[in-house]
Amino acid sequence: MSKTELRVKIYPAQDAFIFSTKAYSLFIGGTGSGKTFSGALKTATRFDGPAQTGIVIAPTFPMLRDATLRTCLDLWRPWFVEMIRTEMIMKLHNGHEVLFRSATDSDKLRGPNLHWGWVDEAAMCDRLTLEVVLARLRAGGVRGPLWLTTTPRGKGKPGKPQWVYELVQSGTFEVVYASTRDNPFLPPDY
């Protein structure tokens, strides 16, 4: 089967994140830096291979519906087959399925065997979200990749560090940083 071609413009930090070959990657960027767009593009790099089931997570259902899902619908049109809104499952060509879920109750993310995962605005989610999703990345007996996109939330408070900050410090994830100013596609007065 031929590869689907999607032509979009990206800048260097987006390129580094989207095409990273590391199993775990993290894009930390300011408002408007193109984090969600980058996460959706990174996800799309998986769609021309064998059928897979993945998950896209946002902190709340309104954030999922209003930002993450809309970006995915816009970018994934070349692969799109059907959106089952009652189940929040998108079906794509070649049998790919994408589950869209909220991290409001991380325990409800348990259950599926997944090939890959993406958590948008990860720093706004509970750390348990990361732990549950990592445990789901086991489809076909293979540990699947996970990528996170997020706005920085600082180091946290004394006695309660921010878990994404701790993750960065651990070196477990490849980290790509971008500021709002790095995005050349924003309006000049933004």
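Points to keep in mind about this one:
- Alpha carbon centroid spacing (whole Å) that separates the range 92-152 from the range 1-41: 17
- Accessible surface of the chain [probe 1.4 Å, protein heavy atoms]: carbon and sulfur percent: 53
- If you model the range 1-131 as an ellipsoid using its alpha carbon gyration tensor, with each semi-axis the square root of five times an eigenvalue, the axes come out at 21, 19, 14 Å, biggest first.
- Of all DSSP-defined beta bridges confined to the range 33-164, some 40% are antiparallel rather than parallel.
- Estimated translational diffusion coefficient (Stokes-Einstein, Kirkwood radius over Cα pairs, 37 °C, 0.692 mPa s) of the range 108-179: 249 µm² per second.
- Averaged over residues, the count of other Cβ atoms within 10 Å places the peptides 148-154, 89-95 in the sequence 148-154, 89-95, highest first.
- For a paramagnetic label modelled on N94 (point 7 Å from Cα along Cα→Cβ), amide N atoms under 20 Å away belong, within the range 17-31, to 18-24.
- Take the Cα of K9, step 7 Å toward its Cβ, do the same at I84, and the gap between the two points is 3.9 nm.
- If the chain linking F61 and R77 were pulled fully straight, counting 0.36 nm for each residue of separation and taking away their Cα-Cα distance, it would gain 3.6 nm.
- Projected label distance in nm at S179 and R70, using a 7 Å step from Cα toward the beta-carbon: 2.7
- Measuring against 25 Å, Cα to Cα, the residue pairs K22/K108; K3/K108; K108/K155; K9/K42; K42/K155; K35/K91 contain K22/K108; K3/K108; K108/K155; K42/K155 as the ones spanning a longer distance.
The values are calculated or read from the model by the stated rules, or taken from the named source; none is laboratory data. No experiment lies behind these values; they were computed from the predicted model shown. Backbone-built Cβ (ideal geometry, glycine too); neighbour counts: all protein chains shown. Ligands, DNA and RNA are excluded from the accessible area calculation, which covers all protein heavy atoms including side chains. Shrake-Rupley method; radii C 1.70, N 1.55, O 1.52, S 1.80 Å.
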